[in-house]
Amino acid sequence: MQSLVLSVSAFYLPVDRIAEEVEALDRAGVDLFHVDLMDGGFVGNLGMSMQDLDAIRRHTKRPIDVHMMVNDPARYIGLAAEHGADILYVHAEADRHPAATLAAIRALGCKSGLAVNPGTSFAQVEELLPLCDYVLLMTVNPGFAGQSYLDFVEPKIKRFAAGQARWGYTVMIDGGVTPAVIPRLAKQGVRGFICGNRVLLEQQAPYDRIVPRIRAAAEGKAVSV
Ligand code: DX5
Ligand code: ZN
């Protein structure tokens, strides 16, 4: 099995302890830090900023993946790259020219990612797949942290997971991910997960215990997470 990509939803990290939290997660072995940019237009919430990106960048060398829940994301990809983003996910639903934006992300030297809403089908975005290094499949409607995982998305997840070898992208799952979801989807070939409320906060254990247990469970070892 290829190694699992675990990305931490930075939305939950307390601003007054950002250094300690980022460093503890880094030591625990997470792979990425996930920054949710929200513009109050594409989604009904405001959230995170270039200042948050800077703060995380100062305390880790690990890649940062930025989820752009904003209208016309092409306006901000250069700015996010300047502030240290490594992977940029844009929503095709928010962009009139997603093919151009994905190519522009690669031209900036970043990895390109396509974020796909629960109600957007495989067929609606299939032509974009050769342009994607990552596909971020939403398992909540975007805009709010702490929502419940939408399992009706799973047949579509299987389709995207099956396409990873052909198109060379990595599937990431975002929204309401639980410790039980990770091993189940990993078995179906999903490579990456955004870890938020249920994976990291509700476990009541230090990060350096949670992260190795999640990886072991995804590899099919019998551990309780
Ligand atoms: C939803 C965001 C997610 C979310 C993850 O709009 O894109 O990244 O914050 O957190 P949980 O796992 O709590 O849904
Ligand atoms: Zn996200």
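When TYR89, TYR12 are checked against the criterion of being under 29 Å from GLY189 (Cβ atoms), surrounded by fewer than 22 Cβ atoms within 10 Å (Cβ to Cβ) and within 14 Å of ligand 1 (Cβ to nearest atom), a single residue qualifies: TYR12. Scanning the range 46-72 for residues that are among the polar types (S, T, N, Q) and open to solvent by 40 Å² or more (accessible area, probe 1.4 Å) yields a total of 2. Elements of the type helices (runs of 4 or more DSSP H) sitting completely within the range 120-225 and holding at least 2 residues that are more than 15 Å from ligand 1 (Cβ to nearest atom), open to solvent by less than 70 Å² (accessible area, probe 1.4 Å) and at pLDDT below 95: these cover 207-218. Within the range 148-172, residues that are over 16 Å from TYR134 (Cβ atoms) have Cβ atoms under 6 Å from residues that are open to solvent by 50 Å² or more (accessible area, probe 1.4 Å) in these pairs: LYS158/GLN188, counting only partners at least 6 apart in sequence or on another chain. Looking for something in contact (Cβ under 8 Å) with a residue 40 or more places away in the chain, within 21 Å of GLY176 (Cβ to Cβ) and of a type in the set (Gly, Ala, Ser) - is there at least one such residue anywhere in the range 28-47? Yes, the range 28-47 contains a residue that is in contact (Cβ under 8 Å) with a residue 40 or more places away in the chain, within 21 Å of GLY176 (Cβ to Cβ) and of a type in the set (Gly, Ala, Ser).
Residues that are under 20 Å from ASP133 (Cα atoms) and in a helix (DSSP H, G or I): does the range 53-74 have at least one? Yes, because at least one residue in the range 53-74 is under 20 Å from ASP133 (Cα atoms) and in a helix (DSSP H, G or I).
Inside the range 15-45, residues that are open to solvent by less than 20 Å² (accessible area, probe 1.4 Å) and in a helix (DSSP H, G or I) make up a count of 3.
Filtered by the rule that a residue be of a type outside the set (D, E, K, R) and under 15 Å from the mean Cα position of the chain (by Cα), the range 86-100 gives ILE87, LEU88, TYR89, VAL90, HIS91. Among the conditions (1) under 23 Å from LEU128 (Cα atoms); (2) open to solvent by less than 20 Å² (accessible area, probe 1.4 Å), GLY78 misses just one, which is (2).
In the range 184-212, the residues that are free of Cβ contacts under 8 Å to residues at least 60 places away in the same chain and at negative phi form Cβ pairs under 6 Å with partners that are away from ligand 1 (no atom under 12 Å from the Cβ) and open to solvent by 40 Å² or more (accessible area, probe 1.4 Å), at six or more places apart or across chains, as follows: GLN188/LYS158. I'd like to verify a number: residues in the range 92-116 that are crowded, with 22+ Cβ neighbours inside 10 Å and within 16 Å of ligand 1 (Cβ to nearest atom), how many? So the count comes out to 5.
The values are calculated or read from the model by the stated rules, or taken from the named source; none is laboratory data. Since the model is a prediction, treat every value here as computed from it, not as a measurement. When we count neighbours, we look across all protein chains shown, and the Cβ atoms used for this are built from the backbone with ideal geometry, even at glycine. Calculation scope for accessible area: heavy atoms of the full protein, side chains included, ligands and nucleic acids excluded. Shrake-Rupley method; radii C 1.70, N 1.55, O 1.52, S 1.80 Å.
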